[in-house]
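A.B. asks: Dropping a structure here in structure tokens format, bear with me for questions.
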Amino acid sequence: GADYSKEIELAYEDLQHWEINLEPELEASLRFLKGRYYYARHDIEKALYFYKKSLRFWQYASRSPIAPNNGEENKKKIAIALRRGAVLFHIGLCYRHQAEQHRRNRNINWENARDNFQECIDIFRGARQKDLVGKFINQLGEVLRQTGEWQALESTAIAARDLHQTQSEFSVQLAQDYGFLAEVAIEQSQWEEAKERAKVALEILDKAPTNDDSRLSFVKPQHKGLYLCLLARAEEQLGNREGAIESLETARSQTDPQLDPPLYLNILEFLRNLYF
């Protein structure tokens, strides 16, 4: 939490005051924690500064490739690679935050987020960490949606689906995979395909357990609103105007306008066009 991060910050300042040098690995870890501290306080510039300082060490430490064996030296290489991937992921979150919050440099921030998430996923794949790939790959998918890279989104969503469909704890992510694929189908004017994929996304999401996870209790309604909106777009193109309106009215009731203003406005605008 923030109090714990503040204690680390004060301890770090004490060490600097007494000119006590830390081991490089510990120094890099502390810089990562400082980055998280500033990210939690929404000071994204400072968070990026410390994340990048941490990343420089892990990049240097992971110069030699991971070998296909389970020796002790290789385990250490994997551990270092995973830390590098974690820092890259958090750097991606910073750029995504900046892209969502500020119109200035919006495109370059989305591209920076994409590149850092992609490198993170590549590292986890190289380290043969399927669970970590499954956990983090959909952040890359979300950014590819924003940048409109539909072919890359399709291949990412298919790879993600193959990972997520084997484990029940990834059911929300699996629904998201089908949501991505529905959106790709819409962009390709494949309306029947889009309809089926959106319906599968909704079916999976409805069955997904929240497991008292407060974050998921917010995520599920927002995702449901998006998939209903995608379903409505397909229904409208297939000539089922009443079905599209029904999906959109349900989406409007499911979507919190404060959590996702653009989606809520899209739903209202789409409804207005269909009614009038």
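Every number here is computed from the coordinates shown, using simple stated rules; none is lab data. Computed from a predicted model, the values in this text were never measured in an experiment. Cβ atoms come from the backbone with ideal geometry, glycine included; neighbour counts cover every protein chain shown.
A.B. asks: Evaluate E = 1/(1 + (r/R0)^6) for N74 and F276, where r is the Cβ-Cβ distance and R0 equals 51 Å; express this FRET efficiency to the nearest 0.05.
C.D. replies: On the way: r = 64 Å, r/R0 = 1.26.
E(calc), rounded to 0.05, equals 0.20.
A.B. asks: Tell me the label-point distance for the pair S155, R36, using the 7 Å Cα-to-Cβ offset, in nm and rounded to one decimal.
C.D. replies: It works out to 3.3 nm between the two label points.
A.B. asks: Please compute the alpha carbon radius of gyration of segment 31-187, then divide it by the globular-protein estimate 2.2 N^0.38 Å. Two decimals is fine.
C.D. replies: Relative to the 2.2 N^0.38 Å estimate, segment 31-187 comes out at 1.08.
A.B. asks: Continuing with the same structure: Hey, rough spin-label estimate for L26 and K52, points 7 angstrom out along Cα→Cβ, what's it come to in nanometres?
C.D. replies: 2.7 nm
A.B. asks: Let me ask another. Less than 16 Å apart at the alpha-carbon level, and either on another chain or at least 8 residues along: which lysines does that give for K224?
C.D. replies: Once the sequence-local lysines are set aside, what remains near K224 is K195, K199, K207.
A.B. asks: Report the full-extension gain for the segment D122 to N107: residue separation times 0.36 nm, less the Cα-Cα distance, to one decimal in nm.
C.D. replies: Details: separation 15, 0.36 × 15 = 5.40 nm, distance 2.25 nm.
Full extension of this stretch gives 3.2 nm more.
A.B. asks: Pull out the extension gain between E100 and D162, defined as 0.36 nm times the separation in residues minus the alpha carbon to alpha carbon distance; nm, one decimal.
C.D. replies: So the chain would gain 19.4 nm between E100 and D162.
A.B. asks: Give the peptides 74-80, 270-276 in descending order of average Cβ contacts within 10 Å, highest first. Numbers along the way, then the final one.
C.D. replies: Working: 74-80: 15.9, 270-276: 12.3.
Result, highest mean Cβ count within 10 Å first: 74-80, 270-276.
A.B. asks: I've got another one for you. Take the alpha carbon gyration tensor of segment 165-276, find the square roots of its eigenvalues, order them as a ≥ b ≥ c, and report rounded if a/c is under 1.5; if not, report prolate when a/b exceeds b/c, else oblate.
C.D. replies: Judged from the Cα gyration tensor, segment 165-276 comes out oblate (a/c at least 1.5, b/c at or above a/b).
A.B. asks: So which of K77/K130; K34/K130; K75/K130; K46/K76; K52/K130; K34/K76 end up more than 20 Å apart by C-alpha?
C.D. replies: K34/K130; K46/K76; K52/K130; K34/K76
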